[in-house]
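Data block below; observations after.
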Amino acid sequence: MNSLTLSGRIKRIRYRNDENSYTIADLITDDTGVTITVVGTLAGIDLEDRLRLTGTWEKHLRFGDQFRITEYEMIFPETGEEIRTYLKRLGVKSLSNAKIRTLVERFGSDTLEVIETTPEKVTGLKGFGKKTIENLREALTRQMEVKRLILFLKEHGIPVVHCAQIIKQYGAKATDRISANPFDLLFDITGIDFTTVDHAAQTLGIAEEAPRRVRACLLFVLGQFASDGHVFAPAGSLITRCMEQHHMEHEPLTEALDELQRQGHIVSETIDRESETIHAVYPKELFQAEQGIARRLAMMLSLPEEGPVISREEILETILTRLAIKLSEEQLLALEEILCHRVAVITGGPGTGKTTLVRSIAALCDHLHHETVMAAPTGRAARRITEVTEKKASTLHKLLKYDFKTGAFEHNRDKPLSGDVFIIDEVSMVDTLLMHRFLDAVPVTAIVVFVGDIFQLPSVGPGNVLSDLIASGCLKTYALTRIFRQAQESPIIMNAHRVRKGEFPDLHQEGEEGPSEFYFIETADPVKVMQRVVELCAKRIPATYGFTPLEDIQVLTPMHKGDVGTISLNLALQKALNDTGDALQSLGRTFRKGDKVMHLKNNYEKEVFNGDIGIISEVDKKEKTLEVNYEGRKVAYETESLDELTLAYAISVHKSQGSEYPAVVVPVTTQHYPLLQRNLLYTAMTRGKELVILIGTRRAVEIALSNNRPNLRRSHLAQRLAETQQGS
């Protein structure tokens, strides 16, 4: 069918997907004045905008004739009436209809250009003060910049969803900045990949052999290695991936690597190990962080250790008096020694007494009048340690006074933290960069106690810090192994330890006599798994165990996509649990009053952190805002900040770290094959306090048990720390 071109004015927007800009709108055509329905991608379009559209007619079974858009361009206001309408829509305070008429009568079709480029010409017109002119020019410039940038992005194949972030990063010179070097987008704007930017570079006339293109490819792929958890990439693997994925040539890549090192963007070093020699390529920041961790710890360990500060008898009496706890021999031995070491590690699985030991150390420090500082990597983990110790704990970012505007930490080596003993919980979640920041700010004379379970999932960021610290052999490590009798009675804890050792858990089958704390539902079809998950959360678990779906039950799944990923499960659970009421649309998602939601990024202004879960308490459809209740504290979200929220009926296992829930439901299917691994299953199971249900196939469980991939994370921290301490 032949394409047609027509023009007109947007009368009504029936539907818009903010994520991909797919739009259904009513358009009044210029030539006939008839209202037609247009469908397709229309980014940055508002009511009353005039457009020139290219496309074809099609007949929809339900909605009739529609114009399917293939190309479009904006027509900026030209006539006096169009300009008056446009200025009115800007919503500038103190700009009345009379003032708008004055402007158009004076400058005619040049009105917008005069306001934007020569606003001084408006000075002197009746009623136009300096403030009014500034506000008008700002509003117009902002609108015109957005529209011009959208056209530019569209022309060069860059997704318009990045428009707002690009304007925030580059300001009024966004098109000039991108034209000069589109590869800057890779490192300044989140979510853009090399293929997209490379295509834009070609349309802007940048040659394939351009050195900056090759350097950008190397840095982008090196960033992918970091996103996968690696602190460095072997040079051969880095070059091979660039060649295979982005069709680069070997020689230019090796030349670009040398140039990037000369420019200080990367650091290369040769690592000799028993089985291999690795030519490691680090992002500069990660090299400095790994090296900084090793040096700082070596410095702390080089200081003389104190002798015993308290007798065994006094420890027993103090803990019994303050906590009414009788310590095990393993715990008592740790308490006798731990405050004698500059840096120590406590590790162990569930039921081995880590929490009791942390409470005891905190109580002992109070008894000895030490200034004790407690922290964890996430808000949820910090709240949990506060609950169990009754001592205030904060996130590491808050402890270090992270400035969300500048990205800087207030506390560092020049302005150290105050404290005698630092107890850091859930250290398996701390990545290389954050550990470096923390150690850099700790007084070298302080005592640091790291607490964590090395068998849980490693940090989302690069590195395997807790495991590396233990593997170095340089830190005194207390590995708790005894499972207490009460814990031995828990099938959750005992099965978690089986999984930890790679053994098959004791799967209590559904239908076996009596409810269990841990059981397995055999279901192979992913669609049926999704249906069973919904049934369990909405009906079976509340009826059998008395748990409430929103507050007590959490679905944990290995991935986001697929029938049993977070996206599909959240939609299904929302429909089953909260399908009515006021709603807002954002990025293709629907948020309703009563929905369970999760905050996705640290927002220090709102004091809400990545992984915090709350319930939507209010929705204002008119103002397009909502309010989330986070355990009694209500936080408001405007339209522009809704991208920080997602539904949380089902969340990824990674996001659950540092939290505990009364009941967890975990789909484990072969559809999850790329992410099935032992520590993922272990982490998911240990999130449940009273009930854990696995639903899927035995084969998927077997795959997870046999996969111990985290050991493959590339880092050199363990060896570097050992070498640094030997040289100190």
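Might you check whether a residue that is part of a helix (DSSP H, G or I) and either in contact with a helix residue (DSSP H, G or I) (Cβ under 7 Å, 6 or more places away or on another chain) or at pLDDT 95 or above (or both) occurs anywhere in the stretch 592-608?
Keep residues of the stretch 592-608 that are part of a helix (DSSP H, G or I), which gives none.
No, the stretch 592-608 has no match at all.
All of (1) in a loop (DSSP other than H, G, I, E, B); (2) of a type outside the set (Phe, Trp, Tyr); (3) open to solvent by less than 60 Å² (accessible area, probe 1.4 Å); (4) closer than 27 Å to ALA334 by Cβ hold for GLY461 with one exception: (4). Just one of the numbered conditions (1) part of a helix (DSSP H, G or I); (2) of a type outside the set (Gly, Ala, Ser); (3) out of contact with any Gly (no Cβ under 8 Å at 6 or more places or on another chain); (4) open to solvent by 20 Å² or more (accessible area, probe 1.4 Å) is not true of LEU681: (4).
Which one is nearest to the chain's Cα centre (by Cα), of the residues in the stretch 118-129 that are open to solvent by 80 Å² or more (accessible area, probe 1.4 Å) and modelled with pLDDT of 80 or more?
GLU120
Of the strands (runs of 3 or more DSSP E) entirely within the stretch 379-457, those holding at least 1 residues that are among the aromatic types (Phe, Trp, Tyr) and out of contact with any Leu (no Cβ under 6 Å at 6 or more places or on another chain) occupy 421-424, 447-452.
The requirement of being farther than 30 Å from GLN288 by Cα, of a type in the set (A, V, I, L, M), more than 22 Å from the chain's Cα centre (by Cα) and in a helix (DSSP H, G or I) is not satisfied by ALA663. In the set SER459, SER418, only one residue is closer than 23 Å to ALA479 by Cα and not hydrophobic (A, V, I, L, M, F, W, C); that residue is SER459.
Looking across the stretch 357-381, the residues that are closer than 24 Å to GLN456 by Cβ and modelled with pLDDT of 90 or more come down to LEU357, VAL358, ARG359, SER360, ILE361, ALA362, VAL373, MET374, ALA375, ALA376, PRO377.
Counting residues that are touching a residue at least 12 places away in the same chain (Cβ under 8 Å), more than 30 Å from GLU155 (Cβ to Cβ) and out of contact with any Lys or Arg (no Cβ under 6 Å at 6 or more places or on another chain), which helices (runs of 4 or more DSSP H) fully inside the stretch 47-133 reach at least 3? Write out each step before concluding.
Values: elements: 80-89, 97-107, 111-117.
In the stretch 47-133, the matching helices (runs of 4 or more DSSP H) lie at 97-107.
In this structure, ASP582 does not satisfy being surrounded by 18 or more Cβ atoms within 10 Å (Cβ to Cβ) and among the acidic types (Asp, Glu). Hey, does the stretch 628-638 have a residue that's surrounded by 23 or more Cβ atoms within 10 Å (Cβ to Cβ), among the hydrophobic types (A, V, I, L, M, F, W, C), free of Cβ contacts under 8 Å to residues at least 40 places away in the same chain and out of contact with any helix residue (DSSP H, G or I) (no Cβ under 7 Å at 6 or more places or on another chain)? Yes, there is a match, as at least one residue in the stretch 628-638 is surrounded by 23 or more Cβ atoms within 10 Å (Cβ to Cβ), among the hydrophobic types (A, V, I, L, M, F, W, C), free of Cβ contacts under 8 Å to residues at least 40 places away in the same chain and out of contact with any helix residue (DSSP H, G or I) (no Cβ under 7 Å at 6 or more places or on another chain). All told, ILE616 meets the bar of being crowded, with 22+ Cβ neighbours inside 10 Å, in contact with a Gly (Cβ under 7 Å, 6 or more places away or on another chain) and on the phi < 0 side of the Ramachandran plot.
This table checks each residue for (1) β-branched (Val, Ile, Thr); (2) modelled with pLDDT of 95 or more; (3) closer than 30 Å to LEU364 by Cβ.
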residue	(1), (2), (3)
CYS217	no, yes, no
VAL231	yes, yes, no
ARG241	no, yes, no
ARG262	no, yes, no
ASP272	no, no, no
LYS284	no, yes, no
ALA289	no, yes, no
THR321	yes, no, yes
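Filtered by the rule that a residue be modelled with pLDDT of 90 or more and open to solvent by 80 Å² or more (accessible area, probe 1.4 Å), the stretch 13-26 gives no residues. Checked against (1) within 24 Å of the chain's Cα centre (by Cα); (2) closer than 19 Å to ASN464 by Cβ; (3) buried (at least 21 other Cβ atoms within 10 Å of the Cβ); (4) not aromatic (Phe, Trp, Tyr), HIS716 passes all but condition (1).
The condition (being open to solvent by 30 Å² or more (accessible area, probe 1.4 Å) and at pLDDT below 90) is satisfied by just one residue among GLU390, GLU410: GLU390. Mind checking which residues of the stretch 55-98 are over 17 Å from THR35 (Cβ atoms) and touching a Phe, Trp or Tyr at 6+ places or on another chain (Cβ under 7 Å)? Within the stretch 55-98, PRO77 is the sole residue that qualifies.
The values are calculated or read from the model by the stated rules, or taken from the named source; none is laboratory data. Keep in mind that this is a model prediction, so the values were computed, not measured. All Cβ positions, glycine included, derive from the backbone under ideal geometry; neighbour counts span all protein chains shown. The accessibility values were calculated without ligands, DNA or RNA, using every heavy atom of the protein model including side chains. Shrake-Rupley method; radii C 1.70, N 1.55, O 1.52, S 1.80 Å.
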